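FYI, it's all coordinate maths here, none of it is from the lab. As the structure is a computational prediction, the values presented were derived from the model and not from experiment. All Cβ positions, glycine included, derive from the backbone under ideal geometry; neighbour counts span all protein chains shown.
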Amino acid sequence: MKKFTFLCLLLGGFAISAQAQRVETTPQTSANVGLEPIRQGNWMVGGELAGLGYNFEAESFNIGLRPRAGYFVSDGVAIGAQASLGFASVKDGDNEWTYGVAPFVRYYFPGGASASGRFFGHGNVGIAGSSRGDDVSLELGVAGGYAHFITQTVALETTVGYNYNKANINSGGGQSGLGVSLGFQIYLPGNR
């Protein structure tokens, strides 16, 4: 009888453990958000974490960080401010730190997007300088990109653009060049 009871308990334990198997989930990689994150009155906070570029005038490679915050003044149109901090490796010269601040405008295109992503255009006009000189100068930037929403409020972004300024950067010649960046934005609902 003891053997039979032990066998029943053992089989019951196997049955319970078979029902309690661990269910593995995969990380969320996209969210169908539609237009909700880019509605008028919402906020966006984030930035570029890995901005890489090449300066044509000074033959230098640069990497930078650009935090930004903006407000949606209408559906798909955000205005805000961004700061920049970068490092430039200059060919046959001293390396330098760069900095800047600029207001920006961003427009999310209504067509050509999916429920989990949006194409956008981004432009900024501000001031920039470097550790090499005392002066600051006008900085202009224009970029196009794609925001892929991984949740209802967080998007990963990639951009390709062109930047121009004439500050005393990279041996005094100013800087203009192409760049690519990766970053993220957090979209916060506002009062409507």
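Here are some notes:
- In a fully extended conformation the segment linking Tyr164 and Ala83 would gain 27.6 nm over its present Cα-Cα distance, using 0.36 nm per residue.
- Here the Karplus relation 6.51 cos²θ - 1.76 cosθ + 1.60, evaluated at θ = phi - 60°, turns the backbone of the range 179-186 into coupling constants of x, 10, 8, 10, x, 8, 9, 10 Hz, with x for every Gly and Pro.
- Packing, as the average of other Cβ atoms within 10 Å across residues, places the peptides 85-96, 63-74 in the order 63-74, 85-96, highest first.
- Extension gain (nm, one decimal) between Phe61 and Val101, 0.36 nm per residue minus Cα-Cα: 12.4 nm
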